[in-house]
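One structure is given below, encoded as structure tokens.
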Number of protein chains: 2
Amino acid sequence: MGEGPGSHADRFLKARSERASALLEDYTELIADLTAEHGEARLVDIARAMGIAHPTAAKAVSRLKREGLATSRPYRGVFLTEAGEAMAEKARIRHQLVLDLLLAIGVPAEAADLDAEGIEHHVSDETLAAFEAFLKRSGG
Amino acid sequence: MGEGPGSHADRFLKARSERASALLEDYTELIADLTAEHGEARLVDIARAMGIAHPTAAKAVSRLKREGLATSRPYRGVFLTEAGEAMAEKARIRHQLVLDLLLAIGVPAEAADLDAEGIEHHVSDETLAAFEAFLKRSGG
DNA sequence: ACAAAAATGTAGCCTTGGCTATATCTACAT
DNA sequence: ATGTAGATATAGCCAAGGCTACATTTTTGT
């Protein structure tokens, strides 16, 4: 048969890799938020905000460090690297745009807020551009 | 502070649980497709369509069986139970609606096709209803 | 200054979802 | 009918992302 590009497999592979990076994006976004609010991101705050136990947050931070997205010293707060900041910023923009789009479509605020979190990681640059164009069009 | 409902933690918990069920939904949807096309879903076809190795597909089928979503006998095809069919049907509708919405917004067909796969699992009933209303409104 | 509380670190366990390698079974062809 | 190809099963490995329990370090309060 040879389904070519756009096959089942392609879509699933894309969705899988997005799921894999979704958590890292969430963490960088959150760390950026906490840093903006409190000057630093403490493990305990990360854990509470993510709704997980601190050892899980610690593991995640290890991974962030391993991937070059964050730095930290023992018993101190966590900070983003340049790469981490970039990822957080990209996630922030994406999140806001998805949220705006949902609201523009007529999704109730509460549902939009909840759903945007999951959706944002699966929106390609191309789709994001279309969202932006739609908002511009319908907004003004 | 006590952020109350709609906090970071709530959104992340929701996104996490959606990620967990996303794969099961993908499998039921795919098995339904294959069954419609070929009368049954063979492991090898499932694996190819998902872009994974067969042992991985076999494990997934075990899990589907354990969750009461599918049945199978050794060296034979996989079939959905009532519950599995229901999940597949719901996923199908959801997928189509998300795809239609993306197209209506102006997302190019190829991007819409790819992104819908990831997005569909994070769209709540409420948001889905809003999508439907928007399509009705803008469609005619 | 020192004890108690809070935060962080570490160890060890579980499940999920990937993989490869190997064994067994089914189906097909000659 | 039997050998080979194809499909399925099984074992065992890995990393991620959860958890609890316990150890250590910092911070705080008196």
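The values are calculated or read from the model by the stated rules, or taken from the named source; none is laboratory data. This is a predicted model, so every value here is computed, not measured. Cβ atoms come from the backbone with ideal geometry, glycine included; neighbour counts cover every protein chain shown. Note: accessible area is taken over every heavy atom of the protein model, side chains too, but ligands, DNA and RNA are not part of it. Shrake-Rupley method; radii C 1.70, N 1.55, O 1.52, S 1.80 Å.
Values computed for the structure shown
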{"quantity": "Selection within the stretch A:85-140 - among the acidic types (Asp, Glu) and more than 14 Å from B:Ile119 (Cβ to Cβ)", "calculated": "A:Glu85, A:Glu89, A:Asp100, A:Glu110, A:Asp113, A:Asp125, A:Glu132"}
{"quantity": "Selection from the stretch A:100-118 of residues that are within 11 Å of another protein chain (Cβ to nearest Cβ) and open to solvent by 10 Å² or more (accessible area, probe 1.4 Å)", "calculated": "A:Leu103, A:Ala104, A:Gly106, A:Pro108, A:Ala109, A:Glu110, A:Asp113, A:Leu114"}
{"quantity": "Pairs, first more than 7 Å from chain A (Cβ to nearest Cβ) and over 21 Å from A:Leu114 (Cβ atoms) in the stretch B:13-29, second among the hydrophobic types (A, V, I, L, M, F, W, C) and open to solvent by 40 Å² or more (accessible area, probe 1.4 Å), C-beta under 7 Å, six or more apart", "calculated": "B:Thr28/B:Met87"}
{"quantity": "Single condition B:Gly140 does not satisfy, out of (1) at pLDDT 95 or above; (2) more than 9 Å from chain A (Cβ to nearest Cβ)", "calculated": "(1)"}
{"quantity": "Only listed residue being over 21 Å from A:Arg19 (Cα atoms), surrounded by fewer than 20 Cβ atoms within 10 Å (Cβ to Cβ) and either out of contact with any strand residue (DSSP E or B) (no Cβ under 6 Å at 6 or more places or on another chain) or more than 9 Å from every other protein chain (Cβ to nearest Cβ) (or both), chosen from A:Glu67, A:Glu132", "calculated": "A:Glu132"}
{"quantity": "Candidates A:Ala47, A:Ala53, A:Ala22 - the one that is touching a helix residue (DSSP H, G or I) at 6+ places or on another chain (Cβ under 8 Å), modelled with pLDDT of 95 or more, exposed (fewer than 13 other Cβ atoms within 10 Å of the Cβ) and not basic (Lys, Arg)", "calculated": "A:Ala53"}
{"quantity": "Unique residue being part of a helix (DSSP H, G or I) and open to solvent by 40 Å² or more (accessible area, probe 1.4 Å) when the list is A:Glu89, A:Glu29", "calculated": "A:Glu89"}
{"quantity": "Any chance B:Ala41 is small (Gly, Ala, Ser), within 8 Å of DNA strand C (Cβ to nearest atom) and either surrounded by fewer than 20 Cβ atoms within 10 Å (Cβ to Cβ) or farther than 30 Å from A:Ala53 by Cβ (or both)", "calculated": "no"}
{"quantity": "Exclusive hit being within 18 Å of B:His122 (Cα to Cα) and surrounded by 15 or more Cβ atoms within 10 Å (Cβ to Cβ), set A:Leu80, A:Leu97", "calculated": "A:Leu97"}
{"quantity": "Which listed residue is modelled with pLDDT of 95 or more and over 21 Å from A:Leu102 (Cα atoms), from B:Ala104, B:Ala60, B:Ala116, B:Ala91", "calculated": "B:Ala60"}
{"quantity": "Filter result for A:Glu40 (away from every other protein chain (no Cβ under 13 Å) and over 25 Å from A:Leu114 (Cα atoms))", "calculated": "yes"}
